[in-house]
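Trainee: This is the structure, below, for whatever I ask next.
The values are calculated or read from the model by the stated rules, or taken from the named source; none is laboratory data. Please read these numbers as outputs of a predicted model, since none were measured by experiment. Glycine gets a Cβ as well: all are built from the backbone with ideal geometry, and neighbour counts include every protein chain shown. These accessible areas exclude ligands, DNA and RNA; they are computed on the full protein's heavy atoms, side chains included. Shrake-Rupley method; radii C 1.70, N 1.55, O 1.52, S 1.80 Å.
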Amino acid sequence: MPTTIPLDDAVRSSVLSTAPLPGRTDSPVLLQVQGLRVAYGKAEVVHGVDFEVRRGEFVVLLGRNGAGKSTMLHALCGLVPKKAGQVRFDGRDIGALDPRAIVRAGIVNVLEGHRVFTQLSVEDNLLVGTYARKSSGDRSRLGRAYELFPELHERRHQLASRLSGGQQQILAVAQGIIAEPQLLILDEPSGGLAPIVIDRILKVARELCDSGISILLVEQLVKEALQYADYSYLIETGTVGGHGTPAEVQAGELISRIYLGG
Ligand SMILES: Nc1ncnc2c1ncn2[C@@H]1O[C@H](COP(=O)(O)OP(=O)(O)OP(=O)(O)O)[C@@H](O)[C@H]1O
Ligand SMILES: [Mg+2]
């Protein structure tokens, strides 16, 4: 028996009416990945993937464990070698750049399971984030992180080791934000966290997106991610299995593949 996923009201009304579903933004493309292939030794795990993030867009990559999502992100950030494919960012080919140059170009990847520096204070951890880009050590950038996450301001002089797991994850996200990327990649920021923390992080990601930072998120929590994202790709064993706006995804058969795959 195929699983029936209840449609939310907005989607149901757009399905029932004859009006077209809301489409993808027509903003210019910021990140374009074409024909990406990645192998670990002889084992190819990403088999020619195409996807893009448009300027000001919040894109989510969905897909089951081991589908190759993190590998794709590592490859586009220069952290693992590409077997084939092109990566263009902000109009330039960044495929041959090293990871530092890619950060300087404006892409910051908050890695899956990212650990903060537990023996540094919260504030020093944030200052580390400023070293990723020019104007390193610039304290004026702390304000934005503290505004988004007041609990980090309250605990700014504490060692990061004293923070809870959720607070450390928030600190990791704040470290990424403080580097002032054009594109912020969040690889499963929800990993192992309480629903309330996940919701916080996704809301902040949406807020950042609305303030002009494009977002590329990997997330297992399909419902939550589709609530905040503008566009989604389903990654199935190293390939793109489908893509669409959240409304398109939920109105079509892709949603059941996402749930069954997830
Ligand atoms: N360093 C590595 N060396 C060898 N194989 C690896 C390495 N990292 C990942 N893999 C393999 O590559 C495949 C894709 O892994 P990847 O971590 O990219 O998946 P993922 O979609 O991010 O999964 P998850 O949702 O669990 O984080 C898996 O089969 C994994 O075992
Ligand atoms: Mg992963």
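Trainee: Can you pick out the pairs among Lys82/Lys203; Lys69/Lys223; Lys83/Lys223; Lys69/Lys203 whose Cα atoms lie more than 24 Å from each other? It would help to have the intermediate numbers written out before the result.
Mentor: Values: Lys82/Lys203 33 Å; Lys69/Lys223 18 Å; Lys83/Lys223 33 Å; Lys69/Lys203 22 Å.
Beyond 24 Å between Cα atoms: Lys82/Lys203; Lys83/Lys223.
Trainee: Determine the per residue accessible area of the chain with all protein chains present and a 1.4 angstrom probe, expressed in square angstrom.
Mentor: 47 Å²
Trainee: Which order do peptides 244-252, 167-175 fall in by mean Cβ count within 10 Å, highest first?
Mentor: In decreasing order of mean packing, 244-252, 167-175 become 167-175, 244-252.
Trainee: Would you mind estimating how fast the stretch 179-262 diffuses translationally, via Stokes-Einstein at 20 °C and 1.002 mPa s with the Kirkwood radius over Cα pairs, in µm²/s?
Mentor: 159 µm²/s
Trainee: Can you sort Tyr231, Tyr131 by 1.4 Å-probe accessible area, starting with the largest? Please report the intermediate quantities before stating the final value.
Mentor: Values: Tyr231 20, Tyr131 145 Å².
Correct descending sequence by accessible area is Tyr131, Tyr231.
Trainee: Would you work out what percent of the accessible area of the stretch 27-261, with all protein chains in place, is carbon or sulfur (probe 1.4 Å)?
Mentor: Roughly 50 percent of what the probe reaches on the stretch 27-261 is carbon or sulfur.
Trainee: Restricting to Cα pairs below 8 Å that are 6+ residues apart, what does the relative contact order work out to for the stretch 163-227? Please round to a whole percent.
Mentor: Over the stretch 163-227, the number comes to 38 percent.
Trainee: Could you give the spread of the C-alpha atoms of the chain along their three principal axes, from largest to smallest, in whole angstroms?
Mentor: Here the Cα extents, ordered largest to smallest, are 54, 41, 33 Å.
Trainee: With every protein chain kept in the model, how would you rank Arg54, Arg115 by accessible area, 1.4 Å probe, largest at the top?
Mentor: So the residues, ranked largest to smallest area, are Arg115, Arg54.
Trainee: To continue, here is another question. From zero up to wherever the largest Cα-Cα distance of the stretch 110-185 sits, split into 5 Å bins and tell me the percent of pairs in each.
Mentor: 3, 18, 32, 27, 15, 4, 0
Trainee: I've got another one for you. Please state the relative contact order of the stretch 27-261 as a whole percent: Cα pairs under 8 Å, 6+ residues apart?
Mentor: Reported as a whole number, the value is 27 percent.
Trainee: Would you give the gap between the C-alpha center of the stretch 223-262 and the C-alpha center of the stretch 32-85, rounded to a whole Å?
Mentor: 16 Å
Trainee: A further question on this structure: With every protein chain in place, what's the accessible area of Glu44 (1.4 Å probe, Å², nearest 10)?
Mentor: Its accessible surface works out to 40 Å², give or take rounding.
Trainee: Any chance you could give the angle, 0 to 90 degrees and rounded to 10, that helix 165-178 forms with the longest Cα principal axis of the chain?
Mentor: Roughly 90 degrees between the two axes.
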